[in-house]
Amino acid sequence: MTMALGLLILRVVTGLLLAAHGSQKVFGWFKGPGFAGATGYFQSLGFRPAWFWTLLVCLAEFGGGLLLALGLLTPLASLAIIADMIMAILKVKITNGFWASNNGSEFELTLLVISLALGLIGPGTYSLDAAIGFTLPVWVFLIGLGVVVLVDAGGLALSNQRTSQQHAL
């Protein structure tokens, strides 16, 4: 019972924080840029087409956050969040160091590790996954991690290539 309650608290708090963070990009809530502003930001980072990468980020943060909070399709929500956090760390945060006070990767790494743990452990008894009997074998989650790494590596390579080309002009 205490394990299930702990997983519920971890899932709900992490998921809602991430959904709120994503709502800044999706809807412009909480002084966020909205989809158009976020798209411009991703374009400035070299992502093409920027709207596509913005959509992926919005789905991962807002959608993945809500799914995580509900404990619905938890392994897939975890994978989306992991992909988003890896990209944020490697593309934006890594040059700023670790601490959030310097715009570092502290927050993103925390979300990544929580999502990894929940993807491996599962959402717990108090979840919609448990209510509907949805589970995935761990090996499917691990293969998903491999896909996440490949997609992120491709996105980073393409955005870095375009950023380099822009600087050369």
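Miscellaneous remarks
- Chymotrypsin sites (Phe, Trp or Tyr not before Pro) restricted to segment 88-169 and DSSP loop, no more than 11 other C-beta within 10 Å: TRP99
- Relative contact order, percent, segment 2-168 [alpha-carbon distance under 8 Å, six or more residues apart]: 25 percent
- Neighbourhood charge, 14 Å Cβ-Cβ cut-off, centred on LEU59 and excluding it, Lys, Arg +1 and Asp, Glu -1: -1
- A DSSP coil position with no more than 11 other Cβ atoms inside 10 Å describes the following chymotrypsin sites (Phe, Trp or Tyr not before Pro) in segment 18-76: PHE30.
- Acute angle (nearest 10 degrees) that the helix 106-121 long axis makes with the longest principal axis of the chain, alpha-carbon atoms: 40 degrees
- Once the gyration tensor of the Cα atoms in the chain is diagonalised, the equivalent ellipsoid follows with semi-axes of 29, 17, 15 Å, ordered largest first.
Just so you know, all these numbers are worked out from the coordinates, no wet-lab data involved. Predicted, not measured: the structure shown is a model, and the values here were computed from it. Neighbour counts are summed over all protein chains in view; Cβ atoms, including those assigned to glycine, are modelled from backbone coordinates with ideal geometry.
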